[in-house]
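S.K.: What follows is a structure written as structure tokens; I'll ask about it next.
Readers should treat all values here as calculations from the given coordinates under stated rules, not as data from a laboratory. Because the structure is a prediction, the values reported are computed rather than measured. Virtual Cβ from ideal backbone geometry, glycine too; neighbours counted across all protein chains shown.
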Amino acid sequence: MGGNPIKAEPRDDFSQSTKRALAQRVGYLCSNPACRAHTTGPRADPAKSINLGVAAHITAAAGGGPRFDSELIDGKRKNAVNGIWLCQNCAKLIDNDPDLYTSAMLFRWKNDAEEEAKLRVGKNNSKSKSRSERDAISQLRREHKLRNELHRDLLKTPVERMQIPVTSSRVQKFEHGEVIVHRIGDKTYPDVDKRPGISGWFKLEMFDFYHGGVECILALEHALVDRETGDGQPSYMIK
């Protein structure tokens, strides 16, 4: 059957020189701070190289595309200002979920990636760390410090823990079975908080540690009571 052909929207594609400039301005690394993949490298042919990078449009090159800005002046869509260098995976990622990966976020990625590239120019890799690497190291140090403080404040002494039988419940290692958790800045405890709404503090039972802090029991919705174990203590499964 015949019909009128669908007329495609005109696209403002980047020129080769613009694509090259976008790649070089970030050192051929993906601009996604959670990625930073290298996008170029050697091929078997000594005269050729592999390119896995994409000069992606921050606001779409044509109407109907992700993050399209109808108010953008003609010609600006193919300007380097509207471009970001990404690996192929991240380029597909941002276009598959434009509600999450907004124009403002991508402009921020681009700016941060170019600032990091500027800091790397002329410096030895062993002395130069990207912002994402510095943030990860800083976060790891904070988590280790918090872990050590929690162990110091909540656990029994090492000597006391050594005397706990291996078959004992994991909660036996804690100095106290219960803790009071309160909102930062809440000064009402231990007085009764008569203000409307949810109280700023409440009591929890200690359970165990995990990678992000302390696990506590707020309430038991289900419990399975098994037959008594060899030491005469019932065992429980908390869900």
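S.K.: Given a Förster distance of 41 angstrom, what is the FRET efficiency for Lys145 paired with Asn51, based on the Cβ-Cβ distance and rounded to 0.05?
M.R.: Rounded to the nearest 0.05, the efficiency is 0.45.
S.K.: Then there's this: Out of Thr59, Leu106, Pro42, whose Cα points farthest toward the positive end of the dipole of the stretch 16-127 (charges: +1 Lys, Arg; -1 Asp, Glu; placed on Cβ)?
M.R.: Comparing the listed Cα positions along the dipole, Pro42 ranks first.
S.K.: In addition: Provide the per-residue ³J(HN,Hα) series for the stretch 203-219, in order, calculated from phi with Karplus coefficients 6.51, -1.76, 1.60 and θ = phi - 60°, each as a whole number of Hz, with x at glycine and proline positions.
M.R.: 9, 10, 8, 5, 10, 5, 9, 9, 4, x, x, 10, 8, 10, 9, 8, 6
S.K.: Roughly how many debye, to the nearest 20, is the charge dipole of the stretch 1-124 about its Cα centre, given +1 on each Lys and Arg Cβ, -1 on each Asp and Glu Cβ, and no other charges?
M.R.: 520 debye
S.K.: So how do Lys110, Lys156, Lys118 line up by other beta-carbon neighbours within 10 Å, fewest first?
M.R.: Lys118, Lys156, Lys110
S.K.: What is the fewest-to-most order of Arg67, Arg141, Arg147 by other Cβ atoms lying within 10 Å of their Cβ?
M.R.: Result, fewest neighbours first: Arg141, Arg147, Arg67.
S.K.: On to the next question. How would the stretch 16-127 be classified by its alpha-carbon gyration tensor: rounded, prolate or oblate, with rounded meaning a/c under 1.5 and the a/b versus b/c comparison settling the rest?
M.R.: Prolate, since a/c reaches 1.5 and a/b exceeds b/c.
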